[in-house]
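FYI, it's all coordinate maths here, none of it is from the lab. In this text, all values refer to a predicted model and were calculated from it rather than measured experimentally. With ideal geometry, Cβ positions are generated from the backbone for all residues, glycine too; neighbour counts draw on all protein chains shown.
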Number of protein chains: 2
Amino acid sequence: MPAVSDCIDMLDSETKAVETPEDHAEELRLWLRLLTCTTLIEGEVRGRLRQRFDVTLPRFDLMAQLDKAPDGMTLSDVSKRMMVSNGNVTGLVERLVESGHLDRRTSETDRRVQVIRLTKLGRAEFRRMAAEHETWIADLFADLSPKDVRELMRLLAKTKGSAQKSAARRRP
Amino acid sequence: MPAVSDCIDMLDSETKAVETPEDHAEELRLWLRLLTCTTLIEGEVRGRLRQRFDVTLPRFDLMAQLDKAPDGMTLSDVSKRMMVSNGNVTGLVERLVESGHLDRRTSETDRRVQVIRLTKLGRAEFRRMAAEHETWIADLFADLSPKDVRELMRLLAKTKGSAQKSAARRRP
DNA sequence: CCGAATTGTTTTAAGCCTAAAATGTTTTCC
DNA sequence: GGAAAACATTTTAGGCTTAAAACAATTCGG
């Protein structure tokens, strides 16, 4: 049987007339668990990349973006895709050009734009790492059934949508 | 109708006699989506903390750990809980002691150990931030029904367990 | 009891990351 | 055409983060 205060809360939330301090402990716990999972997996992948290939995770991520774009990408594109700041990409690219994994040139048609591509070396090294990386991920998620995976995909898609809407509300 | 190669794969995966290159594209997509969700929410929370309270996310996270431990924690405890390196905590604590949010003292019984606590100021400021933080999280997850939340919690618990097992397999 | 592991923390070196300001380029629109 | 807005990138200053090595204190096993 619901307590009186619960009924009042329900009325409030329906009428939206009064703001009562609502309980969001469940969402908070969900967020912490989501963060834990990501941190756990990310740390594991970071460590394996370092041990097996002596490469950092951000470098790998950047190369992964470029592998999907044979014609190259602009720094802005990369920055949006990776959801990191512009300045971050500048430095990352600098180091990867230095090590011979990336090729960088100024666009012919718009001199503001820098187009970057994987070099032959970069692509070869990335493919080699990516193949192994995929097995790590499979292993990390090994306990999930195909149905679990589908269901998680669905719920995370909903989560992503929800978060994007919330972000847009703040920064329209 | 399944292709012949699929049947062969299924036999292989049952008998475990032959290693065939299996397809783990779904798990990979799941991992990328998980990472996207976390990055999205984390970035949003980071920005709001900075705008509203001029505090960084790591500082907030550290204070959150200490708020749950009135008797204080050792640096190692904090490091494990936050899943970050020891050296990271050292610097973070340094800055928070400097700003008057934390109190740090050497343990009486074990002179290796540093025990840190929130100061009165630290606790007050944290509580103020935490209250608002909770509403942000609620808003970010607003599109999820209570059932969605429960289901996500369950699947992420399973994911966490799976990842921990996988990590333990590599580093026993 | 004492040397050897173990544990807790700090230091070091390098890289990652952000927000904000600065720089150079293109587009817009009067 | 030219000023103003928008865009792409870099720079700056500061903080975060890691792995590995160094240091300090305790515990363990003989």
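Among the residues making up the range A:118-127, those that are surrounded by fewer than 18 Cβ atoms within 10 Å (Cβ to Cβ) and in contact (Cβ under 8 Å) with a residue 40 or more places away in the chain are A:R123, A:R127.
Listed here are the residues, each with its yes/no results for (1) among the aliphatic types (A, V, I, L, M); (2) more than 15 Å from DNA strand C (Cβ to nearest atom).
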residue: B:D77; (1), (2): no, no
residue: B:L96; (1), (2): yes, no
residue: B:L102; (1), (2): yes, no
residue: B:T119; (1), (2): no, yes
residue: B:R128; (1), (2): no, yes
residue: B:E134; (1), (2): no, yes
residue: B:L140; (1), (2): yes, yes
residue: B:D148; (1), (2): no, yes
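For B:A157, the stated conditions do not hold, so it cannot be described as within 28 Å of A:R46 (Cβ to Cβ), away from DNA strand C (no atom under 14 Å from the Cβ) and surrounded by fewer than 13 Cβ atoms within 10 Å (Cβ to Cβ). Of the residues A:A69, A:A167, the single one that is facing chain B (nearest Cβ under 8 Å), more than 11 Å from DNA strand C (Cβ to nearest atom) and among the hydrophobic types (A, V, I, L, M, F, W, C) is A:A167. In the range B:55-67, the count of residues that are over 17 Å from the mean Cα position of the chain (by Cα) and more than 20 Å from A:L28 (Cβ to Cβ) is zero. Do we have any residue at all in the range A:34-43 that's under 21 Å from B:K80 (Cβ atoms), within 16 Å of DNA strand C (Cβ to nearest atom), touching a residue at least 24 places away in the same chain (Cβ under 8 Å) and not small (G, A, S)? Within the range A:34-43, one or more residues are under 21 Å from B:K80 (Cβ atoms), within 16 Å of DNA strand C (Cβ to nearest atom), touching a residue at least 24 places away in the same chain (Cβ under 8 Å) and not small (G, A, S). Count of the range B:48-63 residues, restricted to those that are surrounded by 15 or more Cβ atoms within 10 Å (Cβ to Cβ) and either within 11 Å of DNA strand C (Cβ to nearest atom) or closer than 30 Å to A:P172 by Cα (or both), is 9. Among the conditions (1) surrounded by fewer than 17 Cβ atoms within 10 Å (Cβ to Cβ); (2) more than 21 Å from the chain's Cα centre (by Cα); (3) touching a residue at least 40 places away in the same chain (Cβ under 8 Å), the only one that A:V115 does not satisfy is (1). Residues in the range B:140-153 that are surrounded by fewer than 20 Cβ atoms within 10 Å (Cβ to Cβ) and either within 16 Å of the chain's Cα centre (by Cα) or facing chain A (nearest Cβ under 7 Å) (or both): B:A142, B:D143, B:D148, B:V149, B:E151, B:M153. The residues in the range A:96-139 that are in contact with a Ser or Thr (Cβ under 7 Å, 6 or more places away or on another chain) and either within 10 Å of another protein chain (Cβ to nearest Cβ) or on the phi < 0 side of the Ramachandran plot (or both) can be counted, and the count is 7.
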